[in-house]
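The values are calculated or read from the model by the stated rules, or taken from the named source; none is laboratory data. For clarity, every value in this text was computed on a predicted model and none was experimentally measured. Virtual Cβ from ideal backbone geometry, glycine too; neighbours counted across all protein chains shown.
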Amino acid sequence: MNGLGLPVVALLWACTTLASPPRAPLPGEAFRNDRIWYDGLAEKCVYDATRTIYGEVRRYEATAYTNKENVDLATTAKSKTDQGVEMFKHHWAERVPTERYDYDFSTMSYTRVADMAAYKLTAATQEDCGASFKEVWRDGERLKWLDSVYFPDGGRREGTLKNGAAVFFDALTLRLRAYDFVQHPDLELLVIPMQKDTHRVSFEPLKRTVRFVKTGEIEVPLGKVAAHELALVDEQGQVEARYWFAVDGTAPMLHALVRFEGPQGITYALKSHQRTAYWKRD
């Protein structure tokens, strides 16, 4: 006891509590931990999209599904139970029509919720001439990869990346939602190139910088939206891709991607945003 009649342990606890104010949320923490991710639904964003194929701009509809799920590290797939490591699953489903046949692109990434680190990427493409498949997955501190490409210069390959801190270009449409839109820092990243391609693509990471451009109102099929613009810049200062994320960081928007411009004439412009159990039949 002490002169105030309080146990010493209680007094020490009180002093510690008074001396330790609640810490400020880390950048992106609100996006990562919002309780809406636990409502049993998935975010479904539908975009008016373009991609250049055979030298022509093709117009189509792209859909991005995002949700949280626990992953079994032994299988790198969704856990059968509630056990596992919490991941964001981010899947782009795209069918691009041409005058010859359709091109199908399915691109899914797992990003670890705790630190937004890259965990797994699968990219599958299919069209009438053949199918190609690419995969990257985390093995401890390393990232391993394999691919199978039907083109003559393709075939089957596999290997290990030298730097396990690399991130997926194909997951930046999710990962950059956790960017610090208040302080606007430059982010120096090692980026594994876009694998959403029927051809062989290198897996070796490239140095890239994410830079804040501006905040303003843009017009998309959904309507006028206040958005933050970010640019992905290469070592020569050339812009490789541009991203526009909703200023609204509250649920349900949570800085959703509203516009994108990237390689191969790929563009996305948001036309609808909803939360849905898309896997269930009515």
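Could you grab me the full set of residues in the stretch 139-149 that are in a strand (DSSP E or B) and modelled with pLDDT under 95?
To start, the set of residues in the stretch 139-149 that are in a strand (DSSP E or B) comprises 139, 142-149.
Residues satisfying the conditions are Asp139, Arg142.
Given the residues Ala114, Ala49, Ala74, Ala131, which is the only one that is touching a residue at least 12 places away in the same chain (Cβ under 8 Å) and in a loop (DSSP other than H, G, I, E, B)?
On inspection, the qualifying residue turns out to be Ala114.
Before we move on, is Thr98 touching a strand residue (DSSP E or B) at 6+ places or on another chain (Cβ under 6 Å) and at positive phi?
Here the answer is no, as Thr98 does not meet what is asked.
Would you point out which residue out of Lys224, Lys196, Lys214, Lys271 is modelled with pLDDT of 95 or more, under 17 Å from the mean Cα position of the chain (by Cα) and of a type outside the set (S, T, N, Q)?
Lys196
Residues of the stretch 229-272 being closer than 16 Å to Ala30 by Cα, in contact (Cβ under 8 Å) with a residue 60 or more places away in the chain and of a type in the set (Gly, Ala, Ser), which ones?
Across the stretch 229-272, the qualifying residues are Gly249, Ala251, Ala256.
Would you please list the contacts, defined by Cβ atoms under 8 Å and residues six or more apart or on different chains, that run from a residue in the stretch 25-39 that is over 17 Å from Phe181 (Cα atoms) and at pLDDT 90 or above to a residue that is surrounded by 13 or more Cβ atoms within 10 Å (Cβ to Cβ) and among the charged types (D, E, K, R)?
Ile36/Arg275; Trp37/Lys68; Tyr38/Lys68; Asp39/Arg275
Mind checking which residues of the stretch 94-111 are under 14 Å from the mean Cα position of the chain (by Cα) and of a type in the set (A, V, I, L, M)?
Met108
Mind counting the residues in the stretch 164-178 that are among the small types (Gly, Ala, Ser) and modelled with pLDDT of 95 or more?
So the answer is 3.
With the condition being surrounded by fewer than 20 Cβ atoms within 10 Å (Cβ to Cβ), I'd like the strands (runs of 3 or more DSSP E) fully within the stretch 166-282 carrying at least 2 qualifying residues.
Qualifying strands (runs of 3 or more DSSP E): 187-192, 206-220, 223-233, 239-246, 267-276.
Hey, among Thr75, Thr66, Thr50, Thr111, which residue is over 17 Å from Ala124 (Cα atoms) and loosely packed, with under 14 Cβ neighbours inside 10 Å?
Of the residues listed, the single one that is over 17 Å from Ala124 (Cα atoms) and loosely packed, with under 14 Cβ neighbours inside 10 Å is Thr75.
For the stretch 79-97, give me each residue that is surrounded by 14 or more Cβ atoms within 10 Å (Cβ to Cβ) and closer than 20 Å to Ala124 by Cα.
Those that are surrounded by 14 or more Cβ atoms within 10 Å (Cβ to Cβ) and closer than 20 Å to Ala124 by Cα: Phe88, Lys89, His90, His91, Trp92, Ala93, Glu94, Arg95, Val96.
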